[in-house]
Each structure stands twice: as C-alpha cells, then as structure tokens.
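Visitor: One structure follows; several queries about it will come next.
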Amino acid sequence: MVQEKPCRTCTDFQTWAKLQKKTYDSEKKVKSDEKIVVAPRKNCPLDKDELGSSTWAFLHTMAAYYPDSPSNEQQKDMKNFFYIFSKFYPCAPCAEDLQEQLKVNPPQTDSQNQLSQWLCRIHNQVNRKLSKPEFDCKLVNQRWRDGWLDGSCD
C-alpha cells in the first residue's frame, strides 16, 4: 500500500515533521518512539499555521484598503474574489469551512468598514473553532491600516 504524502498546508510544522518521519520510518521498516523536535527552516513551503497567518494578514490588509464608497463593479469583484478564493485555498478543510461560512454569511462589500468588520467576524469564528483568542473588531483599522494609537507602529 502506498502511503499518501502528508499535506504540509493542512498541518502545523511539528505534526508535519512527525508524519514525514513516520512515513520515512515505515518505508525503512524502522520502529521509533523518539520524540522529534524539529525547528522550522526558512524558505520552505508554508505549514498550516504559517499559511493561515499569512493569509489572514493579506485578507485583512486588502479589506483595510478597500474603498469607503466602492463602485458596483468593485463590490461585485470583491464578493467574487472571496468565493473564488475559497475554491482554491490550498488547505482543503479550511477551504471547505470558508465555503460553508460564505453560504451563511456572504461578504459585505458596501464599504471598507463593512468589509473589514465582516472579515473580522469571519476570522473570529475560525479563532473560536481553533480555541484561539478573539480579536476586538473595533480595532481592525488600527491593526491593519492606521497603526496603533500608542504610536508603536510609527
């Protein structure tokens, strides 16, 4: 039986490394109960956590610079972007989850504020599923566009 290669974009780096070792060990018929501690290398394919973090940064930044009064075409294009994006996201379970979320809560593209708030709520839904802290959506423009009021980004 041929074992499928572990999906790096669907797992965090430590899990992926362990799966790689198990695949390697099973091919070599070596039994090992050792704990593997592998430091992520630079310039390697992204794991699930890196991909997620980078993706959220991109999406929030895109929403932060979306027009305050977008044209009908811009609104349509942004909605289409999210639907198409959800079809091609490289982590299949994440893509399927986003597709389901879009059915229940379609993109709100009437303004920069609406899009940023919608995306923040979607992100917080994911954070809840992953038992991560939620972000205060009142702060999205400070975080992704203007910088913190304390000047720490200046």
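The values are calculated or read from the model by the stated rules, or taken from the named source; none is laboratory data. Model, not experiment: these values are computed from the prediction. The protein model used for the area step is the full one, side chains on, heavy atoms only, and it has no ligands, DNA or RNA in it. Shrake-Rupley method; radii C 1.70, N 1.55, O 1.52, S 1.80 Å.
Visitor: Find the all-direction average of the projected area of the Cα convex hull for region 56-139, expressing the result in square nanometres with one decimal place.
Guide: 5.4 nm²
Visitor: In terms of the Cα gyration tensor, with a ≥ b ≥ c the square roots of its eigenvalues, is region 67-110 rounded because a/c is under 1.5, prolate because a/b exceeds b/c, or oblate?
Guide: prolate
Visitor: Okay, moving on. Order Trp148, Trp118, Trp56 by their accessible area, 1.4 angstrom probe, all chains in place, largest first. Don't skip to the answer; put the middle values down first.
Guide: Details: Trp148 85, Trp118 0, Trp56 50 Å².
Descending accessible area places them as Trp148, Trp56, Trp118.
Visitor: While we're on this one: Let me cross-check Lys87: its accessible surface, 1.4 Å probe, with only protein heavy atoms counted, in Å² to the nearest 10?
Guide: The value for Lys87 is about 140 Å².
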